[in-house]
Amino acid sequence: MQRYDVLIVGAGHGGAQAAIALRQEGFAGSIGLLGAEFEPPYERPPLSKDYLAGDKTFERLLLRPLAFWSERQIDLLLGQTVVAVDPVAHGVTTADGAVIGYGKLVWATGAAPRRLGCAGYDLAGVHSVRTRADVDRMKAEMEAVERAVVIGGGYIGLEAAAVLAKFGKRVTLLEAQDRVLARVAGEALSRFYEQEHRAHGVDLRLGVGVACIEEKDGRASGVRLLDGSVIAAQMVIVGIGVEPAVAPLIAAGAEGANGVKVDRQCRTSLPDVFAIGDCALHANRFADGAVIRLESVQNANDQANVAARAIQGGQAAYDAVPWFWSNQYDLKLQTVGLSTGHDAAVLRGDPARRSFSVVYLRRGRVVALDCVNAVKDYVQGRKLVAEGVRAEVSILADASFPLKEILEKPH
Ligand code: FAD
């Protein structure tokens, strides 16, 4: 039986970084980096941005050149899916029946796109955006697409809609809630992005439900709404959130449900098993201590670093400031902190000039910023979020007053 001192399951952002961090810190044991996809670790964010747009080749998405992994004696075990974990024997079983032993296991399996729960969800022409293979399928069909429907007004749906609109496709975007980005941002940001998409010709519809995907000749031909109307489309892109890929670990007895619970060192409740990235449920100081999952490169990388240190006996605890970005059209959004649960939102600058920020407060303290084409606010606002600084609304709202000059510290 093959056995690794550290076996990492999931060769995405978190898994790759865990292996890199272990070697950077001098870990000399054997490392296996196993993943269901066939590609070596690559960046996922460009999938709905430059890669879909054709502005970046796949090679430019690779997190490290292929030779990097063998040079550092990190075994890439690609195209393999773990279906069971035996926490007593310290081994995993793959879909093709191989058993691989581990000293420590790092579960870094990310999440899988949520599927539509209606008829036609699996028709040809219906796409999710999670992997290179997903996007290559979309790109192969693109030329024949005149009209596309995007279901879901989260970041991924909006980014995909922006690329398709730029390609000159007729795009309809459907959002079930009364505004886009409702789960992650305040209303001002939602309204701004709605307006931008409409200005780029996207037919954006809010508060609409999908009844089913219509079929013609075995392919998606449109989307039927709950009101009975049908929007014709040759391509349907579904961006309605993800489900953490944790079934084998939960079946093995790990605590958790919508994710695997981890402590501040990314340890699960199973001995010698860590979990990081999109699948890890953790208490987050920036969410007022709530137990959450974060879906971001920052979180995957920072948790990977913490787990790598813990594996080597270090005491590092996860306490990183959350950050994220989204590119749509010529708009660069950078967010820092978590705005969920904010009780005040302050607009800095003028959305009409396409450069502004929204500062979010909870109980008088700065908890997050969304900065659109406003790098300075993002860089300076980071510190306010990191330190939970108290700030006056009138000062925050004055875009001519640099955020770095707000010095009042938390009591
Ligand atoms: P992943 O990177 O998803 O890697 C998990 C890997 O595990 C996958 O390759 C999966 O196939 C594999 N796997 C799953 N189950 C198993 C199993 N049982 N056995 C073996 N392998 C398995 N974040 C940002 O910060 N900024 C952005 O702009 C941004 N844009 C994004 C755009 C898109 C289209 C997507 C999909 C995500 C985006 N994200 C962005 C989110 C970010 O990519 C994720 O948060 C990050 O990839 C999480 O890393 P991870 O290691 O937890 O999971």
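The values are calculated or read from the model by the stated rules, or taken from the named source; none is laboratory data. Since the model is a prediction, treat every value here as computed from it, not as a measurement. Here Cβ is always computed from backbone atoms with ideal geometry, including for glycine, and neighbour counts include all displayed protein chains. The protein model used for the area step is the full one, side chains on, heavy atoms only, and it has no ligands, DNA or RNA in it. Shrake-Rupley method; radii C 1.70, N 1.55, O 1.52, S 1.80 Å.
Looking at A257, is it at pLDDT below 95 and within 30 Å of K104 (Cβ to Cβ)? Walk me through it before giving the result.
Numbers: at pLDDT below 95: yes; within 30 Å of K104 (Cβ to Cβ): yes.
Judged against the criteria, A257 is a match.
Would you mind listing the strands (runs of 3 or more DSSP E) fully within the range 46-155 where at least 1 residues are within 14 Å of the ligand (Cβ to nearest atom) and farther than 17 Å from V238 by Cα?
74-78, 82-86, 91-94, 99-107
Can you tell me how many residues in the range 148-190 are within 25 Å of F286 (Cα to Cα) and basic (K, R)?
2
In the list D350, D377, which residue meets the criterion of being of a type in the set (D, E) and loosely packed, with under 15 Cβ neighbours inside 10 Å?
D350
Name the residues in the range 289-306 that are under 10 Å from G14 (Cα atoms) and either among the hydrophobic types (A, V, I, L, M, F, W, C) or away from the ligand (no atom under 13 Å from the Cβ) (or both), would you?
V297, A300, A304
Can you tell me which residue is nearest to the ligand (Cβ to nearest atom) among those in the range 12-38 that are closer than 25 Å to A140 by Cα and crowded, with 18+ Cβ neighbours inside 10 Å?
The residue in question is G12.
Residues that are within 26 Å of A310 (Cβ to Cβ), open to solvent by 20 Å² or more (accessible area, probe 1.4 Å) and without any contact (Cβ under 8 Å) to a residue 12 or more places away in the chain: does the range 94-112 have at least one?
No; the residues of the range 94-112 include none that is within 26 Å of A310 (Cβ to Cβ), open to solvent by 20 Å² or more (accessible area, probe 1.4 Å) and without any contact (Cβ under 8 Å) to a residue 12 or more places away in the chain.
Within the range 221-244, count every residue that is open to solvent by 10 Å² or more (accessible area, probe 1.4 Å) and within 24 Å of A111 (Cβ to Cβ).
7
Condition (residue is open to solvent by 10 Å² or more (accessible area, probe 1.4 Å) and touching a helix residue (DSSP H, G or I) at 6+ places or on another chain (Cβ under 7 Å)) applied to the range 194-202: is it met by at least one residue?
yes
Could you please find all residues in the range 281-306 being open to solvent by less than 10 Å² (accessible area, probe 1.4 Å) and touching a Pro at 6+ places or on another chain (Cβ under 8 Å)?
N284, Q298, N299
What's the total number of residues in the range 239-248 that are assigned to a strand (DSSP E or B) and more than 12 Å from the ligand (Cβ to nearest atom)?
Number of matching residues: 0.
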